[in-house]
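One structure is given below, encoded as structure tokens.
Here, each number is a calculation from the coordinates, and none is a lab measurement. Since the structure is predicted, the reported quantities are computational estimates derived from the model, not experimental observations. Note: ideal-geometry Cβ built from the backbone for every residue, glycine included; neighbour counts use all protein chains shown.
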Amino acid sequence: MRQRAARDQQRLDSGAVTSPKDLENLQHEIASLAKRQGDLEDVVLEVMERRESAQERITELTGRVESLQSKIADATSRRDAADGELDAETASVTKEREVIAGTIPADLLALYDKLRGQQGGVGAARLYQRRCDGCRQELAITELNEVRAAAADTVVRCENCRRILVRTPESGL
């Protein structure tokens with residue numbers, strides 16, 4: 001458009017067009033081209049502003065993505081470290097359990113394992129202040145009397161949850 005407008009302006013300035021009607025048409029065309037060029041420049045400016053705004057938004061979002069990726073990486077490394085600690089602790093406790101399980105009579109260990117499977121992983125519970133720590137129920141006076149009367153090596157079970165009761169000095173007997 002600029003070239004066409006420059007060419008038309010050159011024709012007008014050169015005096016090659018002598019007809020008044022042709023001169024008027026040429027001037028009108030130059031004005032029309034100038035208006036069209038202005039409109040196109042406005043469109044280009046608007047597109048450039050939108051592009052700049054989009055670039056700013058991209059920069060902002062890219063920063064947020066990088067921040068989130070950093071947080072994810074940090075959380076992942078903390079999770080992996082905790083997982084490693086749990087694995088090490090599990091291995092240690094498993095070895096310790098195997099050593100202790102070797103000292104327990106086979107029939108009592110079998111009962112414990114059976115109860116543990118039935119009771120969500122807890123086969124024995126501490127008797128603490130006349131209350132079973134497994135089901136959190138206080139034992140009735142008759143149950144407490146039976147536990148008191150039982151020999152120290154007798155396996156005593158909770159009447160409510162059927163877990164093995166472990167008697168301690170805090171049992172309240």
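D by Stokes-Einstein for region 2-76, Kirkwood Rh over Cα pairs, 25 °C, 0.890 mPa s: 148 µm²/s. Using Cβ point charges alone (K and R +1, D and E -1), the dipole size of the chain about the Cα centre works out to roughly 580 debye. For Tyr128, the residues 5 or more places off, or on other chains, whose built amide H falls under 5 Å of its own are Asp133. Taken over region 105-171, the percentage of Cα pairs per 5 Å bin, counting from 0 up to the bin with the maximum distance, is 4, 19, 30, 25, 16, 6, 0. Peptides 95-104, 109-118 ordered by packing proxy, namely the average of other Cβ atoms within 10 Å per residue, highest first: 109-118, 95-104. Against the empirical curve 2.2 N^0.38 Å, the C-alpha radius of gyration of region 63-141 lands at a ratio of 1.80. In the chain, the calculated helix contribution to ellipticity at 222 nm averages -24500 deg cm²/dmol per residue, counting -39,500 (n - 2.57) for every DSSP H run with n ≥ 4.
A convex hull fitted to the Cα coordinates of the chain yields 241 cubic angstrom per residue. Relative to the dominant Cα principal axis of the chain, helix 106-118 is inclined by about 40°.
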